[in-house]
Structures are given as C-alpha cells and as structure tokens.
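Structure first, then comments.
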Amino acid sequence: MKKFTKTETVRFKHVDFAGIVFYPRFLEMLNDLVEDWFGEALERPFSKIHTTNGIPTVDLKVQFKKPARIGDELEKSLWVTNLGGASVTCGFAFTHADGSICLEGEVTLVNVGLDKGPNQIKAVPFTDETRNLISAFITNNNHNK
C-alpha cells in the first residue's frame, strides 16, 4: 500500500489551555495533509486548481483516539479507499512516535468545476492523468495492515 505521509510537530498554536490539541486544529492539520497530497503527489497545487476547479470535503468521519500534546511529533498518513468518477474517499491516521493512533478517519473529496461561476458548482470527472496519480494510493486495507 502506498500512503502519502507528512510529519507535523504539535505547536503552541495547536493546543488549548490544557496543553492538548484543540480538536478543530486536527481538522486544519488534515486539510494541510490533503493540500500537500494534491500539490506534491497529484501535481495539482491548490494555488492553481482553485482558479478553475475545487476539491471540497463532502463527508468527514473522525475518531479521536488519544490526545496529542505540545511538542509531540505526529506522522500524518493518507491513502485512497475508493476512487469514483469525480470523488475520492481517503482513509487517514495521525500516529504518535510510539505507534499509537491519535486520530483516524475517512474523508471524501469531490472534484468540482468552477468555470461557470461559484453559484454553478457541479461535480466534474477527474482527468485521466489525475486518476492515474490517485490510483497509486488505492488500498483495500486499513493503515495497520
């Protein structure tokens, strides 16, 4: 299985008064992972794709398994569980250095066209080139297998 992986150190900006990651910051970290995946692995940096199309999140499932604290280093991983014509469903996990899962879940993204204006947004199929790049990350297994 090919995963897209990045490392992130938990910073002061991520934590609440108790010193643990405030849950919306995890979702920002996930969005950063998706944005990096599109830019680095799929050759579609968000700085360019948002002029003609977008990749909104249409479904998100998250399980918070273990807190992360300031200074922790998390391995953020993403893989594809389903590739449709215009949508992609990805599994993801944030893992502590000791291998314990901090956060895991699933996110579904849809390729949409914006060429008719923001009020005319509709799903459009991925190009063959993008489908081929996404396909390299498809797996039927979860992150532990």
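The values are calculated or read from the model by the stated rules, or taken from the named source; none is laboratory data. Since the structure is predicted, the reported quantities are computational estimates derived from the model, not experimental observations. Positions of Cβ are generated from backbone atoms using ideal geometry, with glycine treated the same way; all protein chains shown enter the neighbour counts.
If you go through the range 56-73 and keep only what is aliphatic (A, V, I, L, M) and within 23 Å of Leu109 (Cα to Cα), you end up with Val58, Leu60, Val62.
Contact map, the range 58-76: residues that are small (Gly, Ala, Ser) paired with residues that are surrounded by fewer than 14 Cβ atoms within 10 Å (Cβ to Cβ), Cβ distance under 8 Å, separation 6+ or inter-chain. Pairs shown: Gly71/Thr9. Tallying residues that are surrounded by 13 or more Cβ atoms within 10 Å (Cβ to Cβ) and at pLDDT below 80 within the range 107-141 yields 2. Of the strands (runs of 3 or more DSSP E) lying entirely inside the range 1-106, those carrying at least 2 residues that are surrounded by fewer than 12 Cβ atoms within 10 Å (Cβ to Cβ) are 4-9, 57-64. Whether a residue is free of Cβ contacts under 8 Å to residues at least 24 places away in the same chain and closer than 30 Å to Gly113 by Cβ was assessed, and Phe38 passes this test.
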